[in-house]
Amino acid sequence: PLPDRDRALGPSHQQDQSVYEERHLRYISPLGKGNFGSVELCRYDPLGDNTGELIAVKKLQPNKQSNLEDFQKEINTIRSLHCDYIVKYRGVCYSMGRLSMSLVMEYLPYGSLIGYLEKNRQLVNNRRMLLFASQICKGLEYLQSMRYVHRDLAARNILVASDTLVKIADFGLTKIIPFDKEYYRVTHPGESPIFWYAPESITESKFSHKSDVWSFGVVLHELFSYCEHNCNPKRVSGLTNMMMACWGYSAEERPTFSTLGDQIETSIQD
Ligand SMILES: Cc1cnc(Nc2cc(F)c(C3CCN(C)CC3)c(F)c2)nc1Nc1ccc(F)c(N2CCCS2(=O)=O)c1
(Lines give C-alpha, C1' and ligand atoms only; values in the text may rest on other atoms or scores of the structure.)
Protein backbone atom coordinates (compact mmCIF):
# COMPACT_ATOMS: atom_id res chain seq x y z
CA PRO A 1 0.00 0.00 0.00
CA LEU A 2 1.13 3.56 -0.64
CA PRO A 3 2.45 5.53 2.36
CA ASP A 4 -0.26 7.85 3.72
CA ARG A 5 1.28 11.03 2.29
CA ASP A 6 0.86 9.66 -1.22
CA ARG A 7 -2.64 8.31 -0.63
CA ALA A 8 -3.78 11.77 0.52
CA LEU A 9 -2.48 13.36 -2.68
CA GLY A 10 -4.23 11.03 -5.09
CA PRO A 11 -2.91 9.00 -8.02
CA SER A 12 -0.81 11.63 -9.77
CA HIS A 13 1.55 11.86 -6.77
CA GLN A 14 2.33 8.17 -6.43
CA GLN A 15 5.98 7.15 -6.00
CA ASP A 16 6.11 5.78 -9.53
CA GLN A 17 4.79 9.06 -10.92
CA SER A 18 6.18 10.28 -14.20
CA VAL A 19 5.00 13.91 -14.22
CA TYR A 20 6.54 16.28 -11.68
CA GLU A 21 4.78 19.61 -11.14
CA GLU A 22 7.19 22.51 -11.33
CA ARG A 23 5.47 24.29 -8.42
CA HIS A 24 6.60 21.49 -6.05
CA LEU A 25 10.19 21.43 -7.32
CA ARG A 26 12.62 23.00 -4.79
CA TYR A 27 15.98 23.91 -6.34
CA ILE A 28 18.90 23.02 -4.00
CA SER A 29 22.23 23.21 -5.85
CA PRO A 30 23.98 22.73 -9.22
CA LEU A 31 25.44 19.29 -9.93
CA GLY A 32 27.04 19.79 -13.32
CA LYS A 33 27.01 21.83 -16.47
CA GLY A 34 28.05 20.90 -20.00
CA ASN A 35 27.27 21.50 -23.64
CA PHE A 36 24.23 19.28 -23.07
CA GLY A 37 22.58 21.57 -20.54
CA SER A 38 22.76 21.42 -16.77
CA VAL A 39 21.92 18.96 -13.99
CA GLU A 40 20.59 20.29 -10.67
CA LEU A 41 19.89 18.77 -7.28
CA CYS A 42 16.25 19.42 -6.35
CA ARG A 43 13.77 18.22 -3.75
CA TYR A 44 10.27 17.30 -4.99
CA ASP A 45 8.27 18.50 -2.03
CA PRO A 46 4.49 18.51 -2.74
CA LEU A 47 3.73 18.62 1.00
CA GLY A 48 6.02 21.64 1.41
CA ASP A 49 7.48 20.18 4.61
CA ASN A 50 10.92 19.12 3.28
CA THR A 51 9.97 15.44 3.44
CA GLY A 52 9.98 15.08 -0.36
CA GLU A 53 12.57 13.01 -2.23
CA LEU A 54 15.87 14.37 -3.55
CA ILE A 55 16.05 14.14 -7.37
CA ALA A 56 18.52 15.06 -10.11
CA VAL A 57 16.91 17.27 -12.74
CA LYS A 58 18.52 17.63 -16.17
CA LYS A 59 17.52 20.84 -17.96
CA LEU A 60 18.17 21.56 -21.60
CA GLN A 61 20.23 24.60 -22.56
CA PRO A 62 17.59 26.92 -24.12
CA ASN A 63 19.11 27.08 -27.62
CA LYS A 64 19.04 25.21 -30.97
CA GLN A 65 15.84 23.30 -31.81
CA SER A 66 17.82 20.13 -32.68
CA ASN A 67 18.78 19.91 -29.00
CA LEU A 68 15.11 19.45 -28.09
CA GLU A 69 14.85 16.44 -30.45
CA ASP A 70 18.06 14.95 -29.03
CA PHE A 71 16.77 15.61 -25.51
CA GLN A 72 13.50 13.84 -26.31
CA LYS A 73 15.51 10.88 -27.65
CA GLU A 74 17.66 10.85 -24.48
CA ILE A 75 14.48 10.83 -22.34
CA ASN A 76 12.97 7.98 -24.38
CA THR A 77 16.24 6.05 -24.08
CA ILE A 78 16.62 6.34 -20.30
CA ARG A 79 12.87 5.73 -19.77
CA SER A 80 13.21 2.35 -21.54
CA LEU A 81 16.15 1.17 -19.38
CA HIS A 82 15.51 -0.91 -16.24
CA CYS A 83 18.80 -2.14 -14.75
CA ASP A 84 20.43 -1.90 -11.28
CA TYR A 85 23.58 -0.56 -12.93
CA ILE A 86 21.94 2.24 -14.94
CA VAL A 87 20.76 5.50 -13.37
CA LYS A 88 16.95 5.38 -12.94
CA TYR A 89 14.47 7.53 -14.85
CA ARG A 90 11.89 9.10 -12.53
CA GLY A 91 9.85 11.27 -14.89
CA VAL A 92 9.62 14.63 -16.62
CA CYS A 93 8.76 18.12 -15.44
CA TYR A 94 7.05 20.52 -17.84
CA SER A 95 7.52 24.21 -17.22
CA MET A 96 4.78 25.71 -19.39
CA GLY A 97 5.98 29.27 -18.78
CA ARG A 98 9.18 28.55 -20.62
CA LEU A 99 7.65 25.84 -22.83
CA SER A 100 10.52 23.61 -21.82
CA MET A 101 10.84 20.23 -20.15
CA SER A 102 13.29 18.67 -17.74
CA LEU A 103 14.37 15.06 -17.22
CA VAL A 104 13.92 13.86 -13.62
CA MET A 105 16.21 11.06 -12.42
CA GLU A 106 17.13 9.38 -9.13
CA TYR A 107 19.80 11.29 -7.20
CA LEU A 108 23.04 9.43 -6.55
CA PRO A 109 24.75 11.20 -3.62
CA TYR A 110 28.39 10.36 -4.32
CA GLY A 111 28.71 12.03 -7.72
CA SER A 112 30.79 10.92 -10.68
CA LEU A 113 33.23 8.01 -10.40
CA ILE A 114 36.18 10.26 -11.32
CA GLY A 115 35.47 12.67 -8.42
CA TYR A 116 34.80 9.75 -6.07
CA LEU A 117 38.09 8.02 -6.97
CA GLU A 118 40.04 11.24 -6.44
CA LYS A 119 38.47 11.74 -3.00
CA ASN A 120 38.46 8.11 -1.84
CA ARG A 121 41.72 6.78 -3.25
CA GLN A 122 42.53 4.84 -0.10
CA LEU A 123 39.05 3.27 -0.04
CA VAL A 124 39.10 1.93 -3.60
CA ASN A 125 41.37 -1.09 -3.41
CA ASN A 126 41.79 -3.69 -6.12
CA ARG A 127 38.77 -5.70 -5.03
CA ARG A 128 36.44 -2.65 -4.88
CA MET A 129 37.66 -1.60 -8.32
CA LEU A 130 36.84 -5.01 -9.78
CA LEU A 131 33.37 -4.81 -8.16
CA PHE A 132 32.77 -1.47 -9.91
CA ALA A 133 34.17 -2.86 -13.19
CA SER A 134 31.82 -5.84 -12.92
CA GLN A 135 28.79 -3.57 -12.34
CA ILE A 136 29.65 -1.31 -15.30
CA CYS A 137 30.16 -4.45 -17.43
CA LYS A 138 26.73 -5.80 -16.41
CA GLY A 139 25.15 -2.42 -17.22
CA LEU A 140 26.78 -2.46 -20.66
CA GLU A 141 25.72 -6.07 -21.23
CA TYR A 142 22.13 -4.99 -20.51
CA LEU A 143 22.48 -1.97 -22.85
CA GLN A 144 23.73 -4.31 -25.59
CA SER A 145 20.75 -6.63 -25.04
CA MET A 146 18.56 -3.59 -25.79
CA ARG A 147 20.63 -2.86 -28.94
CA TYR A 148 21.86 0.44 -27.48
CA VAL A 149 25.41 1.76 -28.04
CA HIS A 150 26.35 4.24 -25.30
CA ARG A 151 29.07 6.05 -27.34
CA ASP A 152 30.26 8.18 -24.43
CA LEU A 153 31.47 5.69 -21.84
CA ALA A 154 34.02 7.31 -19.51
CA ALA A 155 34.54 7.40 -15.73
CA ARG A 156 33.07 10.94 -15.75
CA ASN A 157 29.76 9.42 -16.96
CA ILE A 158 29.64 6.74 -14.29
CA LEU A 159 27.86 7.79 -11.08
CA VAL A 160 28.43 6.43 -7.57
CA ALA A 161 25.29 5.43 -5.62
CA SER A 162 27.19 4.11 -2.58
CA ASP A 163 30.61 2.75 -1.59
CA THR A 164 29.59 -0.52 -3.24
CA LEU A 165 27.40 0.53 -6.19
CA VAL A 166 28.07 2.48 -9.40
CA LYS A 167 25.67 3.19 -12.29
CA ILE A 168 26.01 4.25 -15.92
CA ALA A 169 24.61 7.76 -16.54
CA ASP A 170 24.23 10.25 -19.38
CA PHE A 171 22.58 8.73 -22.43
CA GLY A 172 22.86 11.93 -24.46
CA LEU A 173 24.88 10.25 -27.23
CA THR A 174 23.34 6.77 -26.98
CA LYS A 175 22.08 5.32 -30.29
CA ILE A 176 20.10 2.21 -31.24
CA ILE A 177 21.91 -0.16 -33.63
CA PRO A 178 19.64 -0.68 -36.71
CA PHE A 179 18.33 -4.27 -36.82
CA ASP A 180 20.16 -5.06 -40.08
CA LYS A 181 23.59 -3.69 -39.09
CA GLU A 182 26.34 -4.28 -36.55
CA TYR A 183 27.23 -0.62 -36.14
CA TYR A 184 25.87 2.95 -36.10
CA ARG A 185 27.55 5.55 -38.30
CA VAL A 186 27.17 9.14 -37.08
CA THR A 187 27.07 12.02 -39.53
CA HIS A 188 28.45 14.73 -37.23
CA PRO A 189 31.86 14.19 -35.53
CA GLY A 190 31.47 13.47 -31.82
CA GLU A 191 32.23 15.99 -29.09
CA SER A 192 34.00 13.62 -26.70
CA PRO A 193 37.78 13.76 -26.34
CA ILE A 194 39.07 11.05 -28.68
CA PHE A 195 41.02 9.36 -25.85
CA TRP A 196 37.94 7.18 -25.20
CA TYR A 197 37.15 6.50 -28.89
CA ALA A 198 37.89 3.26 -30.75
CA PRO A 199 39.99 3.69 -33.95
CA GLU A 200 37.01 3.03 -36.27
CA SER A 201 34.99 5.65 -34.37
CA ILE A 202 37.70 8.23 -35.07
CA THR A 203 38.49 7.24 -38.67
CA GLU A 204 35.01 6.20 -39.89
CA SER A 205 32.59 7.60 -37.24
CA LYS A 206 31.48 3.98 -36.73
CA PHE A 207 30.06 3.04 -33.31
CA SER A 208 29.14 -0.47 -32.19
CA HIS A 209 29.03 -2.65 -29.08
CA LYS A 210 32.70 -3.34 -29.83
CA SER A 211 33.52 0.38 -29.76
CA ASP A 212 31.79 0.51 -26.35
CA VAL A 213 34.13 -2.38 -25.38
CA TRP A 214 37.14 -0.21 -26.37
CA SER A 215 35.79 2.62 -24.16
CA PHE A 216 35.18 0.14 -21.33
CA GLY A 217 38.90 -0.70 -21.55
CA VAL A 218 39.67 2.99 -21.08
CA VAL A 219 37.33 3.10 -18.06
CA LEU A 220 39.22 0.09 -16.61
CA HIS A 221 42.42 2.08 -17.10
CA GLU A 222 40.88 5.12 -15.38
CA LEU A 223 39.69 2.94 -12.47
CA PHE A 224 43.01 1.13 -12.26
CA SER A 225 45.18 4.26 -12.35
CA TYR A 226 43.35 5.61 -9.28
CA CYS A 227 43.17 2.61 -7.01
CA GLU A 228 45.78 1.13 -4.71
CA HIS A 229 47.75 -1.75 -6.23
CA ASN A 230 48.57 -3.21 -2.87
CA CYS A 231 46.87 -6.47 -3.71
CA ASN A 232 47.53 -9.74 -5.36
CA PRO A 233 49.48 -9.29 -8.61
CA LYS A 234 47.41 -11.98 -10.34
CA ARG A 235 44.41 -9.63 -10.26
CA VAL A 236 46.57 -6.82 -11.62
CA SER A 237 47.85 -8.92 -14.53
CA GLY A 238 44.31 -10.24 -15.16
CA LEU A 239 43.08 -6.68 -15.42
CA THR A 240 45.94 -5.57 -17.63
CA ASN A 241 45.18 -8.43 -20.03
CA MET A 242 41.50 -7.39 -20.09
CA MET A 243 42.40 -3.79 -20.95
CA MET A 244 44.76 -4.88 -23.75
CA ALA A 245 42.05 -7.19 -25.15
CA CYS A 246 39.52 -4.28 -25.18
CA TRP A 247 42.05 -2.30 -27.23
CA GLY A 248 42.25 -4.76 -30.11
CA TYR A 249 42.77 -2.61 -33.20
CA SER A 250 39.99 -4.28 -35.17
CA ALA A 251 36.55 -4.52 -33.51
CA GLU A 252 36.30 -8.31 -34.16
CA GLU A 253 39.40 -8.98 -32.00
CA ARG A 254 37.81 -7.37 -28.93
CA PRO A 255 36.00 -9.53 -26.36
CA THR A 256 32.24 -9.33 -25.69
CA PHE A 257 30.89 -7.85 -22.45
CA SER A 258 29.82 -11.33 -21.33
CA THR A 259 33.38 -12.67 -21.77
CA LEU A 260 34.74 -9.62 -19.92
CA GLY A 261 32.16 -10.15 -17.17
CA ASP A 262 33.29 -13.75 -16.68
CA GLN A 263 36.98 -12.71 -16.59
CA ILE A 264 36.23 -10.00 -13.99
CA GLU A 265 34.32 -12.51 -11.83
CA THR A 266 37.30 -14.89 -12.07
CA SER A 267 39.69 -12.10 -11.01
CA ILE A 268 37.45 -11.25 -8.05
CA GLN A 269 37.59 -14.91 -6.90
CA ASP A 270 41.44 -14.97 -7.02
C1 LIG B 1 21.39 11.73 -12.89
C2 LIG B 1 22.26 12.07 -11.72
C3 LIG B 1 21.99 11.52 -10.48
N4 LIG B 1 22.76 11.81 -9.42
C5 LIG B 1 23.80 12.65 -9.57
N6 LIG B 1 24.55 12.91 -8.48
C7 LIG B 1 25.62 13.77 -8.31
C8 LIG B 1 26.00 14.10 -7.00
C9 LIG B 1 27.05 14.95 -6.79
F10 LIG B 1 27.41 15.26 -5.55
C11 LIG B 1 27.76 15.52 -7.85
C12 LIG B 1 28.92 16.49 -7.68
C13 LIG B 1 30.06 15.97 -6.84
C14 LIG B 1 31.15 17.00 -6.79
N15 LIG B 1 30.68 18.32 -6.33
C16 LIG B 1 31.78 19.28 -6.31
C17 LIG B 1 29.57 18.84 -7.15
C18 LIG B 1 28.42 17.87 -7.22
C19 LIG B 1 27.38 15.17 -9.15
F20 LIG B 1 28.06 15.70 -10.18
C21 LIG B 1 26.31 14.31 -9.38
N22 LIG B 1 24.13 13.21 -10.77
C23 LIG B 1 23.37 12.93 -11.84
N24 LIG B 1 23.67 13.45 -13.07
C25 LIG B 1 24.75 14.28 -13.35
C26 LIG B 1 25.13 15.32 -12.51
C27 LIG B 1 26.19 16.14 -12.86
C28 LIG B 1 26.89 15.90 -14.05
F29 LIG B 1 27.91 16.71 -14.41
C30 LIG B 1 26.53 14.84 -14.86
N31 LIG B 1 27.27 14.58 -16.00
C32 LIG B 1 28.70 14.60 -16.15
C33 LIG B 1 29.11 14.28 -17.58
C34 LIG B 1 27.91 14.19 -18.45
S35 LIG B 1 26.62 14.04 -17.32
O36 LIG B 1 25.52 14.86 -17.62
O37 LIG B 1 26.37 12.63 -17.07
C38 LIG B 1 25.46 14.03 -14.51
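The values are calculated or read from the model by the stated rules, or taken from the named source; none is laboratory data. For clarity, every value in this text was computed on a predicted model and none was experimentally measured. Heads up, the Cβs are rebuilt from the backbone with ideal geometry, glycines too, and the neighbour counts pull from every protein chain shown. Keep in mind that these areas ignore ligands, DNA and RNA; they rest on the heavy atoms of the full protein, side chains included. Shrake-Rupley method; radii C 1.70, N 1.55, O 1.52, S 1.80 Å.
Tell me the relative contact order for the chain as a rounded percent, counting alpha carbon contacts under 8 Å between residues six or more apart.
15 percent
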Exercise. Could you state the number of Å between the C-alpha centres of the range 124-142 and the range 143-205?
Worked result: 17 Å
Seminar exercise, completed: Taking Lys and Arg as +1 and Asp and Glu as -1, residues besides Asp45 with C-beta under 9 Å from its C-beta add up to 0
Exercise. In the chain, carbon and sulfur make up what percent of the accessible area (probe 1.4 Å)?
Worked result: 56 percent
Seminar exercise, completed: For the range 152-270 the mean separation of alpha carbon contacts under 8 Å (6+ apart) over residue count, i.e. relative contact order in percent, is 22 percent
Exercise. Given the alpha-carbon gyration tensor of the chain, what are the semi-axes of its equivalent ellipsoid in whole angstrom, ordered largest first, with each equal to the square root of 5 times an eigenvalue?
Worked result: 34, 23, 16
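Leaving out ligands and nucleic acids, note down the accessible area per residue over the chain with a 1.4 angstrom probe, in whole Å².
50 Å²
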Seminar exercise, completed: Over the chain, the sum of -39500 (n - 2.57) across DSSP H runs of at least four, divided by residue number and rounded to 500 deg cm²/dmol, gives at 222 nm -11500 deg cm²/dmol
For this session: State, as an integer percentage, the relative contact order of the range 98-196 based on alpha-carbon contacts under 8 Å between residues 6 or more apart.
Result: 31 percent
Exercise. Direction-averaged shadow area of the convex hull around the Cα atoms of the range 97-186, nm²?
Worked result: 8.2 nm²
Exercise. Can you give the net charge of the other residues whose Cβ lies under 15 Å from the Cβ of Thr240, counting K and R as +1 and D and E as -1?
Worked result: 0
For this session: With a Förster radius of 41 Å, plug the Cβ-Cβ distance of Ser18 and Phe179 into 1/(1 + (r/R0)^6) and report the FRET value to the nearest 0.05.
Result: 0.90
Exercise. In the neighborhood of Pro178, defined by Cβ-to-Cβ distances under 12 Å, what is the net charge if each Lys or Arg adds +1 and each Asp or Glu adds -1?
Worked result: +2
Problem set entry | Area of Lys119 that stays accessible when all protein chains are in place (1.4 Å probe, Å², to 10) | 150 Å²
